[in-house]
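Since every read-out is calculated from the coordinates, none of them should be taken as a lab result. In this text the structure is predicted, and so the values were computed from the model without any measurement. Glycine gets a Cβ as well: all are built from the backbone with ideal geometry, and neighbour counts include every protein chain shown.
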Amino acid sequence: MRTYRVVELHGDGISAELSRSVHRLAQALPCRLEFEAVDLSLESRERRGDGVFDEAEALVRRHRVAIKYPTATVDTSPNKILRERCRFAVIHRPVATIPGIESNFKRTIDIDIVRIATGGTYEDAGRRIGLDTAVSLRVIERGPARHAARFAFQLAIQRQGGVVSTSKYTIQRLTDGLFEEACGNVARDFRGVPYRRELFDSLLAGIIMHPERYRVIVCPNEYGDFLSDTACGLIGSVGLGDSSSYAFDDAGQIELAMFDPAGGTAPDIAGRDVANPTAALFALSSLLRHLGEVDSSRALRGAVLGAIAAGERTADIGGSLSTSAFSEAVAARFGAGA
C-alpha cells in the first residue's frame, strides 16, 4: 500500500467536523494518508504568534502537500500569510453543476477558474489622503501571471477545452495589460488550444447567458475571487467549491500544493454535526489527483455526487443527514465502487 505524508492545517468553526469527514473517507482509500496536524485556530495563533506559521511552513515545505480547513480572519488572514510564506502563485477553483441540488440557475455549468494567488488590489490595504480620499496600489507581476496562464493551458489540454483570459485590460491598461500580455505569450506555446480574451464584465454576462462557451478561465487575483463565489452561487451554494493552491520551482514545475474547502468557518453551526463536508471531500479528491491517485480521486468525487443525486444530503442542500451520516453514505458508495 502506497503511503503519503500530508500536512493537515486545522482551523476554526466547523474545521473539526470537516476533518473528521476527511479522515473517514481516507480510511477507505487503497492508499494510506498519514496526516501531520498543525493547529491554525485563532486561539493557537494568538497564543503562539508567528511560531505556528513557522511550523506550518516548515511542514508544508517538507511534505510538499497539505489540506487546510477554514480559519477565522481577525487582524490578519491565515490564507494570505500561507500564500506569502509558501509562495503560492496560482489558485484553482473547479465549479460544476451538481445533479440533485436545486439552484436558481437552470443551465449546466462546468468551468475551471485559475487565478493568480497574489497581487491585484489585494496586495495593498491602501492609505487615506486627507479626510475624503483613499488610494491603494494595484500590483500585477509577470511571473505569477505566467504560472497561472501555463497552468490554465495545461488544464485545458486535460479537459479538452479552451482557455479564456479575462480582466479589464481596456481600462487598467498597464496592470491588466501586463497580465494579458503574459497570457498571450504563453498561448504561443499551446497553439493547439483554443484561446481568447474577454473583458471581465462581459465574461460575467457570458457565463450566465452561454455557460457552454467557457471551460478554463484565467484571471488576476480579485477577479478570480469574485468569479469563484459567483460561480458557486450559480450551482447552489458557496460552500460546494474546493480550492487548490500551487507554488512553482524555477523550472515552472509544481513544488508545493495545498487543498481546501472554499467556504468559511460557519461558527453558527460549529459543533452541531450539521455542516456540509462536500467541499472538503472534493478537496481530498483533488489532493489525491495531485498525488497521482487518479482512480481514487475519481471514485471519491463520484461517490459524493452519487450520494447527493440519490437524496443523501445535508440540510443546507435539501436533505436531512448530519455531517457524519453523509460521510458514512459517501464512504459506503466509495467502498462499493472501489
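Residues whose amide H comes within less than 5 Å of that of G162, counting only those at least five positions distant or on another chain, are R215, V216 (H built at 1.01 Å from N in the peptide plane).
Each residue of the stretch 96-104 was assigned a 3J(HN,Hα) from its phi angle through the Karplus expression (A = 6.51, B = -1.76, C = 1.60, θ = phi - 60°), giving 9, 4, 10, x, x, 9, 6, 8, 5 Hz with x at Gly and Pro.
If I stretch the segment between K168 and D54 completely, what's the gain in nm (0.36 nm per residue apart, minus their alpha carbon distance), one decimal? Walk me through the numbers before you get to the answer.
Working: separation 114, 0.36 × 114 = 41.04 nm, distance 3.71 nm.
Going from the current span to full extension adds 37.3 nm.
Taking packing as the residue-averaged number of other Cβ atoms within 10 angstrom, the listed peptides 98-107, 40-49 run from highest to lowest as 40-49, 98-107.
Pick out the long, greasy-scoring helices in the chain: whole DSSP H runs spanning 18 Å or more along their own axis by Cα, mean Kyte-Doolittle at least 0.0. Each step should come with its number before you reach the end.
Numbers: long enough: 50-63 (20 Å, -0.57); 142-159 (25 Å, -0.41); 175-187 (19 Å, 0.11); 221-235 (22 Å, 0.11); 278-291 (20 Å, 1.23); 294-309 (22 Å, 0.80); 323-337 (21 Å, 0.51).
Both cut-offs are met by 175-187, 221-235, 278-291, 294-309, 323-337.
Distance from the alpha carbon centroid of the stretch 44-60 to that of the stretch 281-298 works out to 27 angstrom. Evaluated over the Cα positions of the stretch 103-235, the convex hull gives a direction-averaged projected area, one quarter of its surface, of 9.0 nm². How many angstrom lie between the Cα centre of the stretch 201-265 and the Cα centre of the stretch 115-146? Centre-to-centre (Cα) distance: 20 Å.
Between A325 and E212, 0.36 nm times their residue separation minus their Cα-Cα distance comes to what?
Details: separation 113, 0.36 × 113 = 40.68 nm, distance 3.48 nm.
Difference between extended and current length: 37.2 nm.
Between D124 and D110, the simple label model (points 7 Å from Cα in the Cβ direction) yields a spacing of 4.2 nm.
For the stretch 208-303, relative contact order (Cα pairs under 8 Å, six or more residues apart, normalised by length) works out to 20 percent.
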